[in-house]
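Accompanying notes for the structure given below.
Bear in mind that the values in this text are calculations on the coordinates, not laboratory data. None of these values were measured; they are calculated from a predicted model. Ideal geometry is used to build each Cβ from the backbone, glycine not excepted, and the neighbour counts take in all protein chains shown.
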Amino acid sequence: MASLIKANPQAPVAALGSRSYMEGVDFPALKLVNLERIPFPLPSLLLTKRMERAYEQGLDKWWDYYLPKAALSFAQAFGRLIRDRREGVGDGAFVLWDKKLLNAAYQEVFYRALPSGAHRHVPEDRKGFYDLLAGILGIDRDQLPQEELEEEALRRLRAILESDLEPLAKARRIAEGVYGLSLEEERWAKQAQAIQAALEGQDLVALLPTGFGKSLAFQLPALIQGGLTLVVSPLVALMKDQADRLLELGLPVGAVHSLMGLGEQRSVLDEVRAGRVRLLYVSPERLNRSEALGKLIQEKHAAGELRRVVFDEAHCLIEWGFDFRPDYLKALRKLEALEGVPKSFFTATLTPKDLEGLRKVAKLETFRLIKPESFHRPNLRFVVRKARGEVDKFQVLAKALQWLLAHGEGESAIVYTATRAEAERLAWALGRLFPGLEVEAYHAGLGPVPRREAQERFISGQTRVMVATTAFGMGIDKGNIRLVVHWRPPRSLEEYLQQAGRAGRDGREAYCLLLYTESDWSFLRWTLGIGQADGAQAEFAQRLIQLLQSEPVLTDYREALYRRIYESESEEGVEEDLPLGEDDEEEEAAAPMREIGLENLERTLSGLERAKVLEYEYLPGKVWLLASREILREHLTPEEMALLERVGYEGRERGDPLDFSRIPLEKIPELDQ
């Protein structure tokens with residue numbers, strides 16, 4: 001490309017490139033550089049380690065390392081415009097299309113990275129942008145669009161809404177003509193029932209399988225009815241994925257969550273207040289704690305413009321609401337004050353018992369229940385493989401990804417792990433083994449912006465394999481996920497169906513691979529055996545097993561071992577059996593950690609040993625010895641007497657406390673005998 005430009009500098013040329021265009025590429029006489037989004041660094045094990053190193057040196061890993069690294073790439077992109085003296089070329093324009101920077105707290109970090117003399121312009125609308133661009137580039141304004149551009153999808157939507165079609169016919173026309181979907185009649189029959197119930201103002205509970213198109217069933221009524229529909233979503237990744245897809249079409253949608261700066265959130269709320277948003281996604285934490293959001297919802301309700309409240313992934317109300325995410329139930333109770341506003345609850349997994357629980361907590365006296373004849377998805381192939389150990393597991397996983405590389409051109413995979421540390425290690429190993437697959441790790445410890453960037457790369461196809469904790473995937477609508485792997489068995493069949501259901505959403509054949517060792521299943525059986533009431537025991541066992549993965553043999557006193565197991569979290573990262581919500585807020589919202597109590601240590605260890613999860617035995621620790629020196633000399637050698645004295649024996653009349661931790665471990669059994 002550069003050689004073509006040098007050969008004929010006057011010829012008009014447009015080049016589209018990736019991050020590599022930001023450095024090491026010189027195009028002479030450039031007039032215009034466009035940057036789609038802020039170039040934040042790609043998450044990697046090396047990046048994580050360097051951020052941790054910065055923190056250890058007393059620096060802020062976000063402000064002092066991550067942001068400056070992104071600002072450097074930003075400056076390099078701008079630098080393409082000024083690689084020559086611009087003689088005979090005139091002014092040039094650098095356009096950043098990522099509007100997040102307008103209200104971000106880190107705005108000045110990027111502005112300071114630009115060379116002195118660079119002018120900054122923030123047009124108020126698209127017409128003003130083209131007026132400005134024409135002047136900078138010295139071109140005829142008539143060559144550029146004259147009015148505010150409107151997305152084609154929005155024009156189609158307006159035409160459908162203004163037509164004389166029946167509401168349900170409008171919904172189908174929007175799905176096909178605006179969303180560009182090819183509807184399957186079996187799915188549409190159930191979706192249409194949910195849409196009709198919503199349009200009639202009924203309370204609704206919809207149990208639709210993963211990949212069935214639940215979101216369509218509440219998005220279409222929101223677009224048809226006008227006003228505002230509020231969607232309460234438990235995961236940032238879920239609401240971001242859905243909102244971003246609709247925004248790409250130019251539809252009137254907004255979202256407020258923790259991955260956005262305060263300025264971005266205010267901007268969205270202003271759009272809602274002006275009536276330019278029909279579908280607003282929020283997290284339960286935002287709903288409970290944002291005064292501005294609460295006030296806006298009250299205003300919309302008072303004006304009769306709040307049409308419906310939707311709880312997406314409603315099973316989380318029952319599974320999380322009483323303990324892990326109390327904010328989810330608090331949001332439901334807060335919205336009960338909005339009299340006359342119907343509610344919808346959408347989920348793929350809800351047992352009859354949980355359905356009854358939902359009916360009670362949501363105070364649903366009468367509601368429309370919609371569920372399919374079967375949750376079976378014939379395109380999914382389920383494979384379960386027993387491995388001899390972690391190495392054997394990795395070999396099976398490598399073969400599965402080799403298959404993806406050979407047969408799935410441009411297709412994707414998700415590998416679910418139990419912990420952050422496990423996700424990081426597997427992503428690093430797979431990335432080295434399969435450099436062509438672009439493997440990344442995803443977990444709550446990455447921080448909001450890196451996770452957002454990672455999710456966008458996965459959705460766009462830049463990243464093909466995501467190694468993630470269960471914080472990733474719920475509600476991710478990516479059709480070409482051809483493989484979902486569970487590195488360890490999940491805790492419940494419902495959880496497994498949710499995660500495995502990410503595969504094959506385009507209707508084509510896909511594989512769900514479950515890997516396990518004997519200890520994995522033993523632990524799972526033990527966990528299920530103690531029941532939900534003893535969640536503290538399950539958490540204790542998870543921590544202990546995680547510690548044993550890095551240190552196969554643990555030897556310590558009861559109390560010291562007990563405390564070490566509970567303190568291991570800071571070394572390896574938080575166990576993530578449950579998906580995380582609004583990062584910083586979730587920490588505050590989570591229930592206090594319950595411990596099993598030192599008195600229950602032996603009982604818990606015995607149960608784990610019977611389940612063949614681990615082996616344990618007592619060794620002498622601290623004892624009280626009453627025998628006199630004369631008696632001991634009759635039975636012990638001089639060497640053994642010396643050992644006894646090393647552990648504290650003095651031959652006092654009232655006896656001596658012995659501490660066996662003072663001598664090597666291998667000597668203790670000899671002395672004990």
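Take the convex hull of the alpha carbons in the stretch 380-516; its mean projected area over all directions comes to 7.4 nm². Counted by Cβ distance under 9 Å from Glu509, the other residues give a net charge of +3, where Lys and Arg count +1 and Asp and Glu count -1. Highest-first packing order for the peptide set 230-240, 459-469 is 230-240, 459-469, based on the mean count of other beta carbon atoms within 10 Å. Packing, as the average of other Cβ atoms within 10 Å across residues, places the peptides 113-122, 213-222 in the order 213-222, 113-122, highest first. Restricting the calculation to Cα atoms, the stretch 379-434 shows an Rg/Rh of 0.96 when the hydrodynamic-style radius is the Kirkwood one. Based on every Cα atom in the stretch 152-370, Rg and the maximum pairwise Cα distance Dmax equal 16.4, 49 Å.
For the pairs Lys343/Lys371; Lys300/Lys330; Lys214/Lys399; Lys69/Lys399; Lys170/Lys353, flag any whose C-alpha to C-alpha distance is greater than 25 Å.
Exceeds cut-off: Lys214/Lys399; Lys69/Lys399; Lys170/Lys353.
Amide H contacts under 5 Å for Val485: Ile414, Val415, Tyr416, Leu513, restricted to partners 5 or more places along the chain or on a different chain, H placed in the peptide plane at 1.01 Å from N.
Net charge near Phe94, counting Lys/Arg +1 and Asp/Glu -1 over other residues with Cβ under 12 Å of its Cβ? So the surrounding residues net to +2. Between Asp125 and Glu152, what FRET efficiency follows from the Cβ-Cβ distance if R0 is 25 Å, with the result rounded to 0.05? So, using R0 = 25 Å, E works out to roughly 0.85. Computed from the C-alpha gyration tensor, the three semi-axes of the ellipsoid equivalent to the stretch 622-672 are 17, 13, 8 Å, from longest to shortest.
Of all lysines in the structure, the ones whose alpha carbon falls short of 23 Å from that of Lys31, not counting any fewer than 8 places away in one chain, are Lys6, Lys99, Lys127.
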